[in-house]
Structure formats: structure tokens, C-alpha cells
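**Q** Sharing a structure with you now.
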Amino acid sequence: MKKIDIWKTACAEGEPGCFPQLASYLFNSAFDRTAIMKTVDTHLDKLKDEFHSYFPNIEEMSTSLNWIRNPFMVQSASIPVRLRESLADVSTDEGLKMKFSATTLTQFWCEVGREYPDLAEHAIKELLPFGSTYLCEVTFSAMAHIKTKQRNRLDLEKSLITAVATVSPRLTKLMSGKQAH
């Protein structure tokens, strides 16, 4: 949302620099720059409204999840009291602080789960939709790439698994079972 506001301000000032192709087009054409910038401004308003319709309280939600992003910097969290007590313990644990800086967010919360299972479960439930949404998008993109008109009879399941798997195949083991002709 902040970037949209920055873009709108730039457009109001007649500066299309945040849109390089538009800036190039306006520089090389004789069109009315003001009318085009007004159209861009209207489009940005609509874009902002669309974001608000899909994510009506994104700013509040983002702020309420700060304790997950960095449990050592949060003053208070909007979570149940029993979890706030655990969060207070986590935020003062120097060992966990070192792990936080050395691991990913998901790995950190899995590690916290050993000592504070309820708090970690709550944090991971909040993090889970992002990973699953990402995997859905990656899988759909892979499917669109694999399933073309020329390859429409292909068995998609094995190809998709291969395309989106994060585990590298052990090629030497696979090839050792094959005999050269």
C-alpha cells in the first residue's frame, strides 16, 4: 500500500519515473502527459481499492503478527495470556535469540516447539498459509508449462512431482541400477 501511495504522489507531480516504460513512452511521444498521468492515477486508486477488498485489514493483521516475525522485539501481542507468558520466556532466552538469527523463521518456530509447543503451534498455523499458497502457485505454473497441446496425453502426476520436488534425486544411485547397452 505504501508503494501505491508513493506512485500516486509521483504521478500527481507528473513524474512517471517509477514506471520506466511509461516514462520512456511519454518522453518519446507527443501525447498529453497530464491526461495519461490522470489515467494512471485512477488506475492506482482502483488497484488500492481492489487490495482493500481482498485484504480489508491487512495493516492490522500485519501488526498483530509481529510477534511471529521477531519475538524478541515485540512489546505486546494479541494472543491468549498463557501464550503471552510463553512469549515473554522466549523473548528473554539468549539461546533462542542466537538460533533466531541463524535459522529461517519456520525452523526457528519448530525449534521453539520443543520447549513451548502451544506457542510454536500458534505461530506455525499463522505461517502455514503462505507456504501452501506458494506451493499451489508453483505447482499450477509447472502444470501449465508441462501440459501443452503437444503433450496433452502425458501423465501429469509424476511430471508435477518431479517439477516441484525440493529433494534432489540421487542420480548415481538411480543410474547404478541401469546397465549400459
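The values are calculated or read from the model by the stated rules, or taken from the named source; none is laboratory data. Keep in mind the model is a prediction, meaning the values are calculated, not measured. Positions of Cβ are generated from backbone atoms using ideal geometry, with glycine treated the same way; all protein chains shown enter the neighbour counts. Ligands, DNA and RNA are excluded from the accessible area calculation, which covers all protein heavy atoms including side chains. Shrake-Rupley method; radii C 1.70, N 1.55, O 1.52, S 1.80 Å.
**Q** Please go through (1) under 30 Å from Ala165 (Cα atoms); (2) open to solvent by less than 30 Å² (accessible area, probe 1.4 Å); (3) not hydroxyl-bearing (Ser, Thr, Tyr) for Glu126 and return the number of the only condition it doesn't satisfy.
**A** (2)
**Q** Look at Thr9 and say whether it is open to solvent by 70 Å² or more (accessible area, probe 1.4 Å), within 30 Å of Glu121 (Cβ to Cβ), without any contact (Cβ under 8 Å) to a residue 60 or more places away in the chain and of a type in the set (Ser, Thr, Tyr).
**A** Answer is no for this residue.
**Q** Of the conditions (1) closer than 30 Å to Phe100 by Cβ; (2) modelled with pLDDT under 85, Ser29 satisfies every one except a single condition; which number is it?
**A** For Ser29, the failing item is (1).
**Q** What is the residue count in segment 107-117 for residues that are open to solvent by 80 Å² or more (accessible area, probe 1.4 Å) and either at pLDDT below 90 or within 23 Å of Ser62 (Cβ to Cβ) (or both)?
**A** Of the residues in that region, 1 qualify.
**Q** So in segment 74-89, with the set limited to residues that are within 23 Å of Met61 (Cα to Cα) and not hydrophobic (A, V, I, L, M, F, W, C), which one is surrounded by the most Cβ atoms within 10 Å (Cβ to Cβ)?
**A** This residue is Ser86.
**Q** Looking at (1) hydroxyl-bearing (Ser, Thr, Tyr); (2) open to solvent by 80 Å² or more (accessible area, probe 1.4 Å); (3) under 22 Å from the mean Cα position of the chain (by Cα); (4) at pLDDT 85 or above, find the lone condition where Thr92 falls short.
**A** Only one criterion in (1) hydroxyl-bearing (Ser, Thr, Tyr); (2) open to solvent by 80 Å² or more (accessible area, probe 1.4 Å); (3) under 22 Å from the mean Cα position of the chain (by Cα); (4) at pLDDT 85 or above is unmet by Thr92, namely (3).
**Q** While we're here: Search segment 113-136 for residues being in contact (Cβ under 8 Å) with a residue 24 or more places away in the chain and in a helix (DSSP H, G or I), and hand back the single one that is farthest from Pro80 (Cα to Cα).
**A** It comes out as Leu135.
**Q** Can you name the residue in segment 145-181 that is modelled with pLDDT under 75 and assigned to a helix (DSSP H, G or I) and is also farthest from the chain's Cα centre (by Cα) among such residues?
**A** Gln150
**Q** Take the residues in segment 158-176 that are open to solvent by 100 Å² or more (accessible area, probe 1.4 Å) and either of a type in the set (Ser, Thr, Tyr) or touching a residue at least 40 places away in the same chain (Cβ under 8 Å) (or both), then tell me which one is nearest to Phe140 (Cα to Cα).
**A** Thr162
**Q** For segment 129-144, which positions are open to solvent by 100 Å² or more (accessible area, probe 1.4 Å) and either in contact with a Pro (Cβ under 8 Å, 6 or more places away or on another chain) or modelled with pLDDT under 80 (or both)?
**A** Matches in segment 129-144: Phe130, Tyr134.
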